1. Pairs under 8 Å by beta carbon, first residue on the phi > 0 side of the Ramachandran plot in segment 230-246, partner acidic (Asp, Glu) and within 16 Å of the ligand (Cβ to nearest atom), six or more apart or different chains?
2. Only one of these is more than 30 Å from Phe227 (Cβ to Cβ) and either out of contact with any strand residue (DSSP E or B) (no Cβ under 6 Å at 6 or more places or on another chain) or modelled with pLDDT of 95 or more (or both): Leu1, Leu33, Leu72. Name it.
3. Can you tell me how many residues within segment 205-218 are within 17 Å of Ser486 (Cβ to Cβ) and of a type outside the set (Gly, Ala, Ser)?
4. Which pairs do you get when a residue that is under 16 Å from Tyr272 (Cα atoms), found in segment 11-26, comes within reach of a residue that is away from the ligand (no atom under 16 Å from the Cβ), reach meaning Cβ atoms under 6 angstrom, with the pair 6+ apart or on two chains?
5. Write out, first by first residue and then by second, each pair whose Cβ atoms fall under 7 Å of each other, whose residues are 6+ apart or on separate chains, and whose first residue, in segment 250-264, is within 19 Å of Ser476 (Cβ to Cβ) and modelled with pLDDT of 95 or more while the second is within 13 Å of the ligand (Cβ to nearest atom) and not in a loop (DSSP other than H, G, I, E, B).
6. Give me the residue from segment 185-236 that is within 16 Å of the ligand (Cβ to nearest atom) and over 14 Å from the mean Cα position of the chain (by Cα) and, out of that set, nearest to Pro14 (Cα to Cα).
7. Quick check on this structure: which one of Ile368, Ile399 is modelled with pLDDT of 95 or more, within 24 Å of Val302 (Cβ to Cβ) and β-branched (Val, Ile, Thr)?
8. Please indicate, with yes or no, whether at least one residue in segment 404-415 is buried (at least 21 other Cβ atoms within 10 Å of the Cβ), touching a residue at least 24 places away in the same chain (Cβ under 8 Å) and under 22 Å from Pro228 (Cα atoms).
Amino acid sequence: LIVDASEGSGRKIPDTMFGVFFEEINHAGAGGLWAELVSNRGFEAGGSNTPSKIDPWAIIGDPSSVTLSTDLTSRFERNMVALRVEVRCDSRALNNVCPAGGVGFFNPGYWGMNIEQGKAYRLVAYVRSSGPVDVTVSLTGPNGFPSLAASRIILNASDAENWTRIELLMEAGLSGRNSRLQFTTEKPGVLWFDQVSLMPLETYKGHGFHPKLAAMLEPLKPRFLRFPGGCYVEGTWLRNAFRWKATVGPWEERPGHLNDVWNYWTDDGLGYFEFLQLAEDLGALPIWVFNSGMSHREHIHVASIFPFVQEALDGIEFARGDPASEWGSLRAAMGHPEPFELRHVAVGNEDCWVPNYRDVYLKFYHAIKLAYPDIRIISNCDGSAWDLDHPADYYDFHIYETATNMFSMGDHFAKAPRTGPKAFVSEYAVTGRDGRTGTLLAALGEAAFLISLEKNSDVVEMASYAPLFVNANDRSWNPDAIVFNSSHIYGTPSYYMQQFFRESGGATLLPATLVKSSVSGSIAASAITWRDPVDSTEYLKLKVQVQISSPKNNNNNNNLIVLRNCFHRL
Ligand code: AHR
């Protein structure tokens with residue numbers, strides 16, 4: 001490989017080149033990146049009517065001694081469902097004697113809570129009762145024992161008549177990775193509970209993110225964070241789409257919503273504000289994908305699109321408006337008076353196939369450019385094969401392929417128009433038999449693809465792998481970059497592959513020519529150089545990948561791909 005490192009020979013790769021894409025899929029956020037341990041904390045998983053769905057909450061004791069139901073007596077207007085707990089204990093015995101240890105109810109979290117000895121957990125719950133309250137709150141093993149931490153909620157009858165906010169710090173004396181949160185009492189009566197939250201005291205940068213899952217993102221040095229989806233943005237039905245206004249403000253007041261594409265309830269603890277905060281915490285630019293008035297089954301007509309346009313404008317104002325503005329003031333009230341660095345928005349996700357997308361898109365485009373001329377707008381329509389028929393700063397490009405096809409994608413952007421909007425490859429991955437739940441072959445195919453993106457970074461400005469996280473208990477989509485359960489985390493080869501590219505953003509791409517090859521097969525290679533901002537050391541990195549076809553069987557799935565990654569201090 002001959003690399004021309006002479007003065008002025010290279011071309012700068014855009015600063016934003018490699019980032020991450022977070023979607024609420026596979027319980028990536030609820031039961032994952034968002035550190036909330038209680039699942040269905042507001043008892044609203046069945047929606048805003050009663051009876052609601054209270055899963056995974058369940059009773060402790062005999063069904064004749066305690067019953068759980070839901071009613072609409074919450075003190076929170078946007079999520080009126082509360083849990084009603086009727087404690088009878090043994091109604092045949094004198095004074096309704098309760099069994100030792102009492103009866104009650106528990107929440108197992110998302111496939112078991114990981115409680116760690118010596119760590120503190122903050123419990124918040126809203127409680128009301130028909131009489132005095134004496135409830136034991138404990139963190140226990142999966143069957144109610146052993147006890148890992150315990151505390152008590154005691155209220156006299158007059159205090160308990162109205163909703164009382166309880167906040168307790170619980171320190172774990174023991175560890176358990178399949179633990180549960182339980183409430184028990186030996187006092188017959190009726191109790192109501194609402195908005196029950198259990199969070200570890202220690203979260204990533206103190207902002208509510210799972211410390212270890214969020215820390216997995218740091219070695220990728222993401223330059224941007226695209227969120228919150230994906231199909232999650234659209235919903236199967238619009239009523240279940242991610243609509244940012246329902247996800248901001250105090251967490252207790254958020255209604256939550258059914259993620260009806262990936263089939264689970266989310267309490268929206270991880271809302272629009274938190275995504276912006278995460279981007280800031282990672283030193284990444286936020287890229288907000290908003291709903292364009294389209295779900296998988298419905299499309300709002302262009303004549304009725306104005307409320308969605310206004311919602312997008314309000315969302316931008318929330319992110320970066322003056323703290324005195326209507327939505328900027330809500331951001332300030334949430335603890336972030338300074339604007340977030342929102343510079344990019346995407347009008348929908350994978351909606352270009354909808355016949356009225358262009359008409360609707362133009363309404364968003366012109367309204368946003370008028371109010372925020374500097375915001376860069378991403379169209380869902382692919383502009384890599386021919387020029388777009390509408391104005392845009394970027395076009396979105398998604399690709400899920402076999403390893404061989406991914407390897408060969410290098411040519412695709414070499415043929416893309418050199419003028420007009422830039423490409424944002426916001427979702428790429430090797431999938432199917434080559435990718436399974438994460439393989440080295442997939443990572444190698446993807447690395448060759450990223451090499452081709454570096455070389456075509458005059459037209460491709462951003463790229464992110466998809467999906468980012470999977471909770472191993474809910475594998476809706478395979479493969480993914482980071483796999484976890486309540487207590488364990490690992491990166492797939494595709495996760496580590498991305499680390500090879502973390503210096504590329506802002507680096508100089510040098511002309512590199514392959515002069516002699518001792519192997520037959522395709523080769524992908526690139527050379528970059530960059531200066532460390534801290535100590536000014538200059539580095540050169542060569543990435544070379546060879547795709548060797550098995551001579552016996554030329555079947556695409558039997559190819560071997562080799563990656564050499566050389567890294568030199570100059
Ligand atoms: O990344 C998984 C899904 O693939 C995304 O939700 C969607 O945008 C794409 O079809």
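The values are calculated or read from the model by the stated rules, or taken from the named source; none is laboratory data. None of these values were measured; they are calculated from a predicted model. Cβ atoms come from the backbone with ideal geometry, glycine included; neighbour counts cover every protein chain shown.
1. From residues that are on the phi > 0 side of the Ramachandran plot, the pairs are Gly230/Glu23; Gly230/Glu24; Gly230/Glu427; Gly235/Asp260.
2. Leu72
3. Counting residues in segment 205-218 that are within 17 Å of Ser486 (Cβ to Cβ) and of a type outside the set (Gly, Ala, Ser) gives 6.
4. Once the first residue is under 16 Å from Tyr272 (Cα atoms) and sits in segment 11-26, no partner that is away from the ligand (no atom under 16 Å from the Cβ) comes close enough.
5. Note: pairs meeting the criteria are Asn259/Tyr232; Val261/Cys231; Val261/Tyr232; Trp262/Tyr232.
6. Once the filter is applied, the top-ranked residue is Glu234.
7. The unique qualifying residue is Ile368.
8. No, the conditions are met nowhere in segment 404-415.
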